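What follows is a single structure, written as structure tokens, with notes after it.
The values are calculated or read from the model by the stated rules, or taken from the named source; none is laboratory data. Quick caveat: nothing in here was measured; it's all calculated off a predicted structure. Reconstructed Cβ throughout: ideal geometry from the backbone, glycine too, with neighbour counts over all protein chains shown. The area values use the complete protein model at the heavy-atom level, side chains included, leaving out ligands, DNA and RNA. Shrake-Rupley method; radii C 1.70, N 1.55, O 1.52, S 1.80 Å.
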Amino acid sequence: MKLTNEIWGFFASVRLAIFTLCSLALTSIIGTVIPQNKPDSWYVETYGPATAQFFQVLDIPDMYGSWWFLILLGLLCANLIICSIDRFPTTWRLMTINQLAVHPDRLQGMDLRQEWSLPSPVGESAGQLSAALAKAGWKPASREIETGTLLFAGKGGWSRIGVYVVHISILVIFVGAIIGNILGFKGTVMLPEGESTTRIFAFNSSEPIDLGFEILCDSFTVDYYPNGMPKEYASVLTVRENGKEILKQTIEVNQPLTYRGITFYQSSYQAYKDFIVSIVIAPEKIGKVFTIPYQQEMEWPEQNIRFGVVNAEGMGDRVTRIKIWMKHGEQPASTFWVENGKDAAIPSADKTIAVSAKQMFATGLQVAKDPGVWLVYLGCCLMLIGLYVSFFVSHQRLWLLLRPDKGGTGTSILLAGASNKNQTGFARSFTRLADRLRG
Amino acid sequence: MTSSLLLGITTFTYLLATLCFVYIFVFKAYRAYFFAITVTILALVIQTTGIGLRWYESYAMGIGHAPLTNMYESVVFFSWTIALLYLLMEWKFRTRILGLFALPFAFLAMAYASFSTGISKEISPLIPALQSNWLIAHVITCFVGYAAFTVAAGLGLMFLLKISKGGEKKKGGSQLLAAIPEPDIIEDLIYKSMLFGFIWLTAGIITGAVWANSAWGTYWSWDPKETWSLITWFIYAITLHSRYTRGWTGKPLAWLAILGFFSVIFTYYGVNFFLSGLHSYGSG
Ligand code: HEM
């Protein structure tokens, strides 16, 4: 029995909290100095085989998921839970206790006290003071005691819950993170324009993950600043199920697409030396889109057109102008430049052929499913609310003890007050209130 | 008139304000107090105008964004929040001497931003990941927290100075230290600034996580900067709890305020230079 009490006391103690928080703070430094999640060989090369072996045992390469780090986090949770269970009954009593049952002598001993007297008898004074208190925003209750009348008014008793909200919010965040880890995944996929996929690749293991639907990259565009830095990039994505189009949406960095709990984030891109050429023949308006490699001839036999990209201009891997060679039937071949993404209209016999060309890209998507994230956000909100309440809202209490004065016709009054935090601030408002009550 | 000129003037105005407080402290010239406060307010006004102008200039360049996105802009903003917070505290608590311990930080930050060769002052366009309102929320919340912790560290120094050389025992202490309020008043202020900073740091970490989640689907990735902000957060959490167990008030509290400040500076600044990670854009 004594042992269980001791164990309970240990897990309920703030001492353990300080120990755990110090351990977490100190050990967390390790992972900021030693790069995480590199291949095993990297650690051997960088630190030598003996150290690498030692790291392996302690799981240093993935220290934030290591057994000992998780034990520390577990200890923190156990500490939080037991500490809360241990203390809550006391807090609850402080919140719900009948403050009118206080012994008048205790009021005499309070730090904040003022005494004065009124000429009216006790009953009348009590009525006046109650009204004045109510006007100042305090709702008093009263009780007749042997020596007179006791008034009590309290504010912010509920704020004592604030600390529990903060502590529980940490648990809520942990639960959210665990759910995300077990039921969710994180992966990436590089999807060339015009192609689709039903699976992506997990971050750490590179294992394929089935999406359960098909995602298609219709097109990809990059905008540049005048200095050549990418300004914004965007992909048009289509979700298909059983060959049917379900959803089409443009995504940008910071503006992802979500379908069935799986979210696609625009994260990177890759430029190809291939081109997407689209040809439309007027007046019939027959068109077709081709993907062709640089400097290779392509044919559209039905329309008797042969063409190719013979030259491209640009900066770095970004193409700005494209030179196209084209031959239509028996007409003489033509070569011409088009701006990347724009089109050119080429008259040919009795038709007009509109040719547009653009550099081909693959869009780099980060893919995440995290069913726990809403709990994490809920926990974050609770934490902010809880912190605000536990720092800035106090439980303030006021008592007024009214007794017949020596002459027997008037009332002698004792005003006492207490606050569980921000004593100096409360002392000021106490004085102000007392001045108001004394008229 | 350009923003860099205004921010350059700001640097010297903070220096002047700091010197005013040194003068008040050394010569007990309390009548100069209003002058010192006026100079501080003037510096803050010039700085606010400078920041606003820089914002305007970025729009004139066609790459408009709030001036909170690189090292230079963030140091300027850091200095601004310190000065603002200092003035609010002075207004509320009237310590009359806190300026001596808070304003040097505002000045040093500005001096570093203005004169360090390692810092580019150019207004540069934003890479796509940074084009998010969460970025603004993240930077503002973090820096309000940092400023509060900086003031707490300044108060910590003030406390240690006050209790040194028997400042506490002989009522009033040495002549020079008499200008510093009594230790228990300072201690209360240290604690208050820490509580205030803790809420903002918490909000800063949370807005950063929300932003990361909206940009690449991971709210926490243990990158060095994130981890260090968490370490800083732990340090202040430990400080909040220490008084419930060890009764660590007074001297240990002052030292923890200073330790926390070092952790803040490392999170903010050291990580960019000594460790690598997602936030490496911050070093430009
Ligand atoms: C990172 C984790 C934690 C955070 C952010 C946190 C936050 C807080 C905050 C903000 C307060 C109010 C402090 C004040 O008003 O001065 C507090 C008080 C307290 N905390 Fe924690 N806490 C954490 C972990 C723990 C743990 C693990 C324990 C376990 C024993 C614990 C026990 C307490 C106790 C006993 C109090 C005093 C409550 C009272 O006013 O009666 N805390 N905590």
Partner shielding of B:123-136, taken as the mean number of other chain Cβ atoms within 10 Å, equals 4
Cα-based reach from A:Lys248 at 30 Å (exclusive), listing lysines while leaving out same-chain residues under 8 positions away:
A:Lys186, A:Lys231, A:Lys273, A:Lys285, A:Lys288, A:Lys342, A:Lys358, A:Lys369
Note the full-extension length gain between A:Phe290 and A:Ile385 as 0.36 nm times their separation in residues minus their Cα-Cα distance, in nm to one decimal.
28.5 nm
Anything losing 50 Å² or more of accessible area from the isolated chain to the full protein assembly: pick those residues out of the range A:11-43, probe 1.4 Å, ligands and DNA/RNA ignored.
A:Val14, A:Arg15, A:Ile18, A:Leu21, A:Ala25, A:Thr32
Let me cross-check A:Tyr164: its accessible surface, 1.4 Å probe, with only protein heavy atoms counted, in Å² to the nearest 10?
30
If I stretch the segment between A:Asp317 and A:Ala282 completely, what's the gain in nm (0.36 nm per residue apart, minus their alpha carbon distance), one decimal?
9.3 nm
Roughly what angle does helix B:133-163 make with the longest principal axis of chain B, taking Cα atoms, 0 to 90 degrees, to the nearest 10?
20
Against the longest principal axis of chain B, how steep is helix B:224-245, in degrees 0 to 90 to the nearest 10, with axes from Cα atoms?
30
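Where in chain A are the DSSP H helices whose C-alpha atoms run 20 Å or more along the long axis and whose mean Kyte hydropathy is at least -0.5?
Numbers: long enough: A:14-33 (29 Å, 1.87); A:67-96 (43 Å, 1.18); A:162-183 (31 Å, 2.28); A:373-392 (28 Å, 2.17); A:423-438 (22 Å, -0.67).
For chain A, where a helix must reach 20 Å along its axis and average at least -0.5, the hits are A:14-33, A:67-96, A:162-183, A:373-392.
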Pull up all non-local amide H partners of A:Glu195: gap of 5 or more, or a different chain, and H-to-H distance under 5 Å with H placed in the peptide plane.
A:Cys217
Rounded to whole Hz, the Karplus (6.51, -1.76, 1.60) HN-Hα couplings of the range B:206-217, x for glycine and proline
5, 5, x, 5, 5, 4, 4, 5, 7, 8, 9, x
Per residue, how large is the accessible surface of the range B:1-120? Use a 1.4 angstrom probe and give square angstrom.
45
Förster radius 41 Å - calculated FRET efficiency between A:Glu6 and A:Phe201 (Cβ-Cβ, nearest 0.05):
0.20
Ranked highest first by the average count of other Cβ atoms within 10 Å around their residues, in what order do B:27-36, A:78-87 fall?
A:78-87, B:27-36
Check A:Gly341: other-chain or 5+ apart residues with amide H under 5 Å from its amide H, H built from backbone geometry?
A:Ala357, A:Lys358, A:Gln359
Please work out whether the range B:130-284 counts as rounded, prolate or oblate from its C-alpha gyration tensor, where a ≥ b ≥ c are the square roots of the eigenvalues and a/c under 1.5 means rounded, while otherwise a/b larger than b/c means prolate and anything else oblate?
prolate
Once you sort the root eigenvalues of the Cα gyration tensor of the protein assembly as shown as a ≥ b ≥ c, which label holds: rounded (a/c under 1.5), prolate (a/b larger than b/c) or oblate (the other case)?
prolate
Local electrostatic count, B:Leu87, Cβ distance below 14 Å [Lys/Arg +1, Asp/Glu -1]
+2
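Just check the range A:237-333 against the gyration tensor rule for me: Cα atoms, a ≥ b ≥ c as the square roots of the eigenvalues, rounded for a/c under 1.5, and otherwise prolate or oblate depending on whether a/b exceeds b/c.
oblate
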How much accessible surface area, in Å² rounded to 10, belongs to the heavy atoms of B:Phe107 with a 1.4 Å probe?
40
With all protein chains present, calculate the accessible area of A:Asp105 using a 1.4 Å probe and round the result to the nearest 10 Å².
110
Using the Karplus equation 6.51 cos²θ - 1.76 cosθ + 1.60 (θ = phi - 60°), what ³J(HN,Hα) coupling, rounded to whole Hz, does each residue of the range B:36-50 give in order, writing x for Gly and Pro?
4, 5, 4, 4, 4, 4, 4, 4, 5, 5, 4, 5, 4, 4, x
Within chain B, helix-based [θ] at 222 nm, where runs of 4 or more DSSP H residues each add -39,500 (n - 2.57), nearest 500
-24500 deg cm²/dmol
Separation between the A:Asp435 and A:Gln331 pseudo-spin-labels, each 7 Å from Cα along Cα→Cβ, expressed in nm?
9.4
Directionally averaged shadow of chain B, computed from the convex hull of its alpha-carbon atoms, nm²:
15.4
Lysines near A:Lys135 by alpha-carbon distance under 26 Å, same-chain residues fewer than 8 away left out - which ones?
A:Lys155, A:Lys421
Per the helix-only calculation at 222 nm, which mean residue ellipticity applies to chain A, given -39500 (n - 2.57) for every DSSP H run of n ≥ 4 and division by its residues, nearest 500 deg cm²/dmol?
-11500 deg cm²/dmol
Could you count how many Lys pairs in the range B:130-284 have their Cα atoms under 17 Å apart, skipping same-chain pairs fewer than 8 positions apart?
6
What accessible area per residue comes out for the range A:276-357, rounded to a whole number of Å², with a 1.4 Å probe?
57
Taking amide H atoms as placed 1.01 Å from N in the peptide plane, list the residues 5 or more away in sequence, or in a different chain, whose amide H sits under 5 Å from that of A:Thr411.
A:Leu118, A:Ser120, A:Asp405
Suppose each label sits 7 Å from its Cα in the direction of the beta carbon; what would the B:Trp91-A:Asp86 distance come out to in nanometres?
4.3
Go through the range B:253-259 residue by residue and turn each phi into a ³J(HN,Hα) via Karplus (6.51, -1.76, 1.60, θ = phi - 60°); whole Hz please, and just put x for glycine and proline.
5, 4, 5, 5, 4, 6, 4
What's the buried accessible area, both sides, between A and B using a 1.4 Å probe, rounded to 100 Å²?
3700
Give me the net charge for the shell around A:Ala52: Cβ to Cβ below 12 angstrom, other residues only, Lys and Arg +1, Asp and Glu -1.
-1
